[in-house]
2 protein chains.
Amino acid sequence: MKKADKLGMTFTIKSPTTVGETVYNRERQKMSISQQEASFSRRVDADLVQNPVYTGVERAILEQRLPPGTRLAETDLADFYGVSRTIVRTGLQALAHSHLVTLRPNRGASVANPSPREAREVFEARELLEPRSAREAALRAGRADVRALRLHAREEHEAMRSNESGRALRLSGRFHVMIAQIANQRTIAEIIENLVSRSSLIIALYWTRSSTRCDEGCHNALIDAIERNDAVEAEELMRSHLVELHSALRFDIGDSSNKTLKDMLSQ
Amino acid sequence: MKKADKLGMTFTIKSPTTVGETVYNRERQKMSISQQEASFSRRVDADLVQNPVYTGVERAILEQRLPPGTRLAETDLADFYGVSRTIVRTGLQALAHSHLVTLRPNRGASVANPSPREAREVFEARELLEPRSAREAALRAGRADVRALRLHAREEHEAMRSNESGRALRLSGRFHVMIAQIANQRTIAEIIENLVSRSSLIIALYWTRSSTRCDEGCHNALIDAIERNDAVEAEELMRSHLVELHSALRFDIGDSSNKTLKDMLSQ
DNA sequence: ATTATTGAAAACGTATACAATCTTGAACTC
DNA sequence: GAGTTCAAGATTGTATACGTTTTCAATAAT
């Protein structure tokens, strides 16, 4: 009770709208990206998509409503999402595997707090994988893919304009994942998806600039290159985009988040 | 009862010796590889290492005692390892995240059955990541690292000589992981570790040659290059080694495993 | 002989109970 | 006043109970 108050967890139990949108997005991808083998499964995800804790907390982290280090007590989450602790634990364990959440034995879960080293490594890995992905995407992208990318870029833009910076950040990450998916290398796309997710936490901790404006230009330029099937240009644009992001991180600041956690989960 | 018989699961409940060795290996690494930040945690693993289901099933898969597609009934595992289904589920979910196990809603778990496409993608990803890792390892490796590698190669050799092909395969994979760890890029090392694990399943399904003899020469040559700090050579050796492995896979054969699952888990 | 039906047994999904561990804060000592 | 001790409360870890779904074999129908 005291704890719930401290966390600002005066929740009315509600069903999260998260699941709906995620499913929608998946559906949309399915149309634009050729799926060669139905048997190539990520069944874990199929299960996870309907775990409200997983989808809800993931989304809250990607939108930076849950800052790094935030304690995630099982009972609070169970109450909030109206499920038992069993489901909460499943979701938290999955998030821990994605490095979005840290699990400490007998101490419970908290939003991950990537170290400067981890931050650097994540971006180095992205700089290694994503340019190649962008090149491949430029070679493979069809009309539907380009259309989906443009639609998505518009959504990003609108989120920025209406000052929904959290939503903008999440969509920006999703843009990178979409490119990786167009490249039609699921294994690598999945790795990239994970690295991109972690980037939201890294940006929350080490980002220096206030604006994410650069994203807009970069992303549009990338779409143009992909539409032209200009593989070399797409690869180079992606590389420089990532280097730019990476260079906007500052690792010399200590994590000093003293905000109260009011309404971080709800909406 | 009927089912247990069919699976050859006439288990005497015993504590798996798996955990012990794994811990030992980790300890050994810790000595040979410089650890800069204790806070850079993979706490999920800390938890998982003492999950007998996770360690036992993982090891059985890596040693090809559990062939792809093998059904993993929760109750059987619970009985075998002497834990409740709660623990079994935690372990299986973790294995599913590593793509070693497939979870289908209401249908339970089975050893993953990577498609030809997934197999190809895994090796493509390895060819992308590991050569670079080997280069970095060659630059960074110290005396202790080289010594650990040679010790490990000897273990591999002995496993081969004594016809423990499963153990040899697992150790061979571990060798690649060790190099990735020496490269001191934990994020990428973890990705490689996962790809290497999946390779055991891929080899079980699509391997054509009977011998793994080539490994021995390749690995020794790699150690030599690393000892000389010859980055270029190490990178090239790793690249060609992986290409050779990849080229020894045949994707046109259907999976026809009709073996009974006797004693696949025990020992 | 092959396919459909069906119901019992087995297996999975989720909630909950209880034990083990950690946290907190008040009382106490120095 | 700063630090220590310890018990009550809170939180996590594991097992188990129970409802739901699936599987499978026996039976019936085509």
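The values are calculated or read from the model by the stated rules, or taken from the named source; none is laboratory data. Computed from a predicted model, the values in this text were never measured in an experiment. Positions of Cβ are generated from backbone atoms using ideal geometry, with glycine treated the same way; all protein chains shown enter the neighbour counts.
Have a look at B:135, B:198 and point out the one that is assigned to a helix (DSSP H, G or I), over 20 Å from residue B:220 (Cβ atoms) and either modelled with pLDDT under 95 or within 14 Å of another protein chain (Cβ to nearest Cβ) (or both). Step by step, each of B:135, B:198 is checked, and only B:198 is assigned to a helix (DSSP H, G or I), over 20 Å from residue B:220 (Cβ atoms) and either modelled with pLDDT under 95 or within 14 Å of another protein chain (Cβ to nearest Cβ) (or both).
Restricting the search to region B:97-108, which residues are assigned to a loop (DSSP other than H, G, I, E, B), on the phi < 0 side of the Ramachandran plot and either within 13 Å of DNA strand D (Cβ to nearest atom) or over 14 Å from the mean Cα position of the chain (by Cα) (or both)?
B:105, B:107 - these are the residues of region B:97-108 that are assigned to a loop (DSSP other than H, G, I, E, B), on the phi < 0 side of the Ramachandran plot and either within 13 Å of DNA strand D (Cβ to nearest atom) or over 14 Å from the mean Cα position of the chain (by Cα) (or both).
Would you call residue B:157 assigned to a helix (DSSP H, G or I), more than 10 Å from every other protein chain (Cβ to nearest Cβ) and touching an Asp or Glu at 6+ places or on another chain (Cβ under 9 Å)? In short, yes. Condition first: within 24 Å of residue B:151 (Cβ to Cβ) and in contact (Cβ under 8 Å) with a residue 60 or more places away in the chain. Now tell me which residues in region B:174-193 satisfy that. Passing the criteria: B:174, B:178, B:181, B:182, B:184, B:186, B:190, B:192.
Selection of first residues in region B:82-105 that are assigned by TED's automatic domain parsing to the domain that holds residue B:47 and among the charged types (D, E, K, R) and of second residues that are within 11 Å of DNA strand C (Cβ to nearest atom) and part of a strand (DSSP E or B), restricted to Cβ pairs under 9 Å at least 6 apart or on distinct chains, gives the following pairs, ordered by first then second residue: B:89/B:109; B:104/B:110.
Got at least one residue in region A:68-79 being under 20 Å from residue A:196 (Cα atoms) and surrounded by fewer than 18 Cβ atoms within 10 Å (Cβ to Cβ)? Checked region A:68-79: at least one residue is under 20 Å from residue A:196 (Cα atoms) and surrounded by fewer than 18 Cβ atoms within 10 Å (Cβ to Cβ).
Filter region B:119-159 down to residues that are closer than 24 Å to residue B:59 by Cβ and free of Cβ contacts under 8 Å to residues at least 24 places away in the same chain and give me whichever is surrounded by the fewest Cβ atoms within 10 Å (Cβ to Cβ).
Restricting to residues being closer than 24 Å to residue B:59 by Cβ and free of Cβ contacts under 8 Å to residues at least 24 places away in the same chain, the top hit is B:154.
Of the residues making up region B:79-96, those that are over 23 Å from residue A:48 (Cα atoms) and in a helix (DSSP H, G or I) are B:79, B:80, B:81. Once region B:18-50 is narrowed to residues that are over 17 Å from the mean Cα position of the chain (by Cα) and of a type in the set (S, T, N, Q), the residue that is modelled with the highest pLDDT is B:50.
Going by the structure shown, is residue B:127 within 21 Å of residue A:190 (Cα to Cα), of a type in the set (D, E, K, R), within 9 Å of chain A (Cβ to nearest Cβ) and assigned to a helix (DSSP H, G or I)? Answer is no for this residue. Entry remark, region A:93-106: residues being more than 23 Å from residue A:192 (Cβ to Cβ) and more than 9 Å from chain B (Cβ to nearest Cβ) number 1 in total.
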